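Student: Below you will find the structure I want to go over with you.
Just so you know, all these numbers are worked out from the coordinates, no wet-lab data involved. Computed from a prediction, not measured in an experiment: that's the story for all the values here. Note that we place each Cβ from the backbone using ideal geometry, even for glycine, and neighbour counts take in every protein chain shown.
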Amino acid sequence: MSLATEVRTKYEAVIGLEVHVQLLTKSKIFCSCSTRFGDPPNSNTCPVCLGLPGALPVLNREAVTMATKAAMALNCALNARSRFARKNYFYPDLPKGYQISQYDEPLAEDGWIEIDADGARKRIGITRVHLEEDAGKSLHEGFPDSDRKSYIDLNRSGVPLIEIVSEPDLRAPEEAYEYLTRIKTLMLYLEVSDGNMEEGSLRCDANVSVRCQGATALGVKTELKNLNSFRFLQKALAYEIERQIEVIEGGGEIGQETRLWDSREQRTYGMRSKEFAHDYRYFPEPDLLPLVVSEEWKEEVRRSLPELPQAREERLERQYGLPKQDAQLLAMSRTMADYFEEVARRSGQPKLAANWILNDLVFLLQESHKGFTEYPVRPESLAELISLIAKGDISGKMGKEILAEMVRTEKSASAVIAERGFTQIADPEKIAAVVREIMGANPKQVEQYRKGKTAILDWFFGQVMKATHGQANPQLVREVLKKELA
């Protein structure tokens with residue numbers, strides 16, 4: 001599907017996202033069952049999360065604390081009193097026949113988060129942040145449908161979630177991608193979720209409509225589900241926007257419906273129309289008292305908040321003189337930003353530290369399937385290496401080899417240098433002796449240089465570095481070459 005540019009630019013997309021974040025508590029929201037992922041099916045269950053008669057829910061305080069942190073970080077107004085409700089619908093993996101959620105009295109409302117859009121900051125409104133329990137999981141196998149079998153795993157039933165509902169302020173798939181990235185980064189900073197989309201810790205539904213440029217009324221929206229990766233979110237939105245424009249341009253009407261993204265066919269398809277949409281029949285949960293959050297407790301939670309990603313990004317740029325892109329990449333991970341600051345403090349070389357972390361170290365860690373949390377290279381070890389490079393004791397090329405060995409063995413820079421004999425040759429006389437030997441073996445190239453073919457200096461430089469196994473000081477090599485070849 002590909003629309004002509006003049007047709008596409010006639011319309012504006014209007015996008016809102018509903019993001020479900022699984023909270024990183026050890027136990028479920030209304031019982032003490034484990035939230036551990038990957039345990040045998042139905043092993044983490046009890047009468048409460050199985051919905052057995054007579055079992056009563058008890059609210060998990062830690063889940064409320066984490067939800068409150070998230071709401072504060074999203075600049076929401078926290079309601080002093082919120083209330084749980086029963087969201088009624090039937091599905092095999094919903095054992096009670098209803099989900100405990102929040103409806104008209106949520107935990108928090110009226111927030112915002114900023115994203116980068118077209119080189120500028122754009123504020124996206126947050127309608128609400130509310131607490132709820134997760135449903136179980138249906139597992140299907142077999143094809144065709146006549147041989148299909150379905151299984152229910154209720155380990156996830158009752159796991160605590162927050163739902164973050166945005167205002168319809170997003171205007172492009174790229175903005176939605178950026179928004180979801182910012183939400184994930186924020187949740188990781190707060191340590192309230194692991195943000196693992198593959199395990200379902202972060203899930204997203206999108207509401208999308210189109211309207212003519214300049215119009216204020218909203219078009220008929222469709223809801224997109226099954227968006228289990230950032231890439232799928234962006235692709236599904238792009239497809240759906242073009243589909244809706246094509247329907248309108250063809251004289252048709254958009255039907256309000258829920259659509260699923262098919263990653264194999266790279267398209268959306270209808271799941272159910274508005275006629276079959278759920279009537280959830282919300283009513284207050286009779287087994288839970290209203291949730292009351294005192295000012296004292298809110299202040300206690302507020303004091304526990306870390307420096308948030310965007311504030312840190314701006315500080316790294318300002319304090320260390322980093323390019324905006326480097327500061328942004330470092331600030332996307334709280335662990336990486338902490339690591340960078342420790343290396344910069346110890347080495348006194350913040351720009352070198354950022355370059356070596358973002359380019360060489362990240363690449364080596366990915367190649368060896370390791371992460372920063374495993375610390376194969378301690379910050380003091382990388383700081384030592386960077387200091388040696390800054391002083392000219394070792395070359396950048398040698399530094400790359402040393403760092404690779406540090407990642408592989410988890411040894412310090414000095415230990416690797418001592419074992420491998422990595423020492424930079426900084427004695428002009430030793431370098432001059434190597435240069436004269438190469439000149440003697442290559443008189444034709446010497447003559448060409450002296451006749452004005454100065455570009456051949458780079459060839460001589462390469463020969464010297466090869467002869468010294470990359471250990472000669474590069475700047476000194478060039479100075480000696482020019483002197484000896486004159």
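Student: Measure of size requested: the Rg and Dmax of the stretch 428-485, with Cα atoms as the atom set and Å as the unit; please supply both.
Tutor: Cα only, the stretch 428-485: 10.3, 30 Å (Rg, Dmax).
Student: Can you check what the Kirkwood hydrodynamic radius comes to for the stretch 57-125, Cα pairs only, in Å to one decimal?
Tutor: The answer is 14.4 Å.
Student: Then there is this: Apply 1/(1 + (r/R0)^6) to the Cβ-Cβ distance of Glu401 and Lys466, taking R0 = 22 Å, and write down the FRET efficiency to the nearest 0.05.
Tutor: Numbers: r = 15 Å, r/R0 = 0.66.
Step by step, r from the Cβ atoms, then E = 0.90.
Student: Return a whole-number percent for the relative contact order of the stretch 327-455, with Cα pairs under 8 Å and 6 or more residues apart as the contact set. Numbers along the way, then the final one.
Tutor: On the way: 102 pairs, mean separation 24.7, N = 129.
Relative contact order for the stretch 327-455 comes out at 19 percent.
Student: For the chain, what number results from the quotient of the Cα radius of gyration and 2.2 N^0.38 Å? Walk me through the numbers on the way to the answer.
Tutor: On the way: Rg = 29.8 Å, N = 486, 2.2 N^0.38 = 23.1 Å.
Normalised Rg, Cα atoms only: 1.29.
Student: Then there's this: Straight-line reach from Lys87: which lysines have a Cα under 21 Å away, not including same-chain ones fewer than 8 places off?
Tutor: Counting by Cα, and skipping residues close in sequence, Lys87 has these lysines nearby: Lys28, Lys96, Lys137, Lys225, Lys274.
Student: Follow-up. Given a Förster distance of 30 angstrom, what is the FRET efficiency for Phe363 paired with Ala80, based on the Cβ-Cβ distance and rounded to 0.05? Present the calculation step by step, with values, prior to reporting the outcome.
Tutor: Details: r = 50 Å, r/R0 = 1.65.
Efficiency, rounded to the nearest 0.05: 0.05.
Student: With a ≥ b ≥ c the root eigenvalues of the C-alpha gyration tensor of the stretch 121-260, is it rounded (a/c under 1.5), prolate (a/b larger than b/c) or oblate? Mind dumping the intermediate values first?
Tutor: Numbers: a/c = 2.25, a/b = 1.22, b/c = 1.84.
In terms of gyration-tensor shape, oblate.
Student: Among the DSSP beta bridges whose two residues both lie in the chain, what percent are antiparallel, rounded to the nearest 5?
Tutor: Antiparallel bridges make up about 90 percent of those DSSP assigns within the chain.
Student: Then there is this: Packing-wise, with mean Cβ within 10 Å as the measure, how do 98-110, 440-452, 466-478 rank, highest first? Mind dumping the intermediate values first?
Tutor: Values: 98-110: 19.5, 440-452: 12.5, 466-478: 16.9.
Output ranking for 98-110, 440-452, 466-478: 98-110, 466-478, 440-452.
Student: Length gain on complete extension for the stretch Ala390 to Glu105, per 0.36 nm per residue less the alpha carbon to alpha carbon distance?
Tutor: Details: separation 285, 0.36 × 285 = 102.60 nm, distance 5.82 nm.
So the extension gain works out to 96.8 nm.
Student: Moving on to the next point. Over the stretch 309-420, how many percent of alpha carbon pairs lie in each 10 Å bin up to the one with the longest distance?
Tutor: 15, 50, 30, 5, 0
Student: How far apart, in nm, are the 7 Å Cα→Cβ label points at Ser138 and Lys482?
Tutor: If labels sit at Ser138 and Lys482, their model points lie 7.5 nm apart.
Student: Using Cα centres only, tell me the gap between the stretch 360-438 and the stretch 31-59 in whole Å.
Tutor: Centre-to-centre distance over Cα atoms comes out at 52 Å.
Student: Using Cα pairs closer than 8 Å and at least 6 residues apart in sequence, work out the relative contact order for the stretch 174-331, in percent. Before the final figure, lay out the partial values.
Tutor: On the way: 166 pairs, mean separation 26.4, N = 158.
Relative contact order comes out at 17 percent.
Student: A follow-up question, please. Determine, for each peptide in 63-73, 328-338, the mean count of other beta carbons within 10 angstrom over its residues, then list the peptides with the highest first. Write down the numbers at each step before the final one.
Tutor: Numbers: 63-73: 23.7, 328-338: 19.3.
Those peptides, ordered most packed to least, come out 63-73, 328-338.
Student: Using mean Cβ contacts within 10 Å as the protection proxy, how do 362-375, 157-170, 222-235 order, highest first? Don't jump to the answer; show the numbers that get you there.
Tutor: Details: 362-375: 13.1, 157-170: 23.9, 222-235: 18.9.
Result, highest mean first: 157-170, 222-235, 362-375.
Student: Let me ask you something else. Using only alpha carbon pairs under 8 Å that are at least six residues apart, calculate the relative contact order of the chain and give it in whole percent. Walk me through the numbers on the way to the answer.
Tutor: On the way: 849 pairs, mean separation 65.8, N = 486.
Over the chain, the number comes to 14 percent.
Student: Could you work out how far apart the two model spin labels at Ala311 and Ala120 are, taking each label as a point 7 Å from the Cα in the direction of the beta carbon, and quote it in nm?
Tutor: Result for the modelled spin labels: 2.6 nm.
Student: As a test of the formula, what do you get for the chain when each DSSP H run with n ≥ 4 contributes -39,500 (n - 2.57) and the sum is divided by the residue count, at 222 nm and rounded to the nearest 500 deg cm²/dmol? Numbers along the way, then the final one.
Tutor: Details: 17 runs with 190 residues, N = 486.
Taking each H run of at least 4 residues, the total per residue is -12000 deg cm²/dmol.
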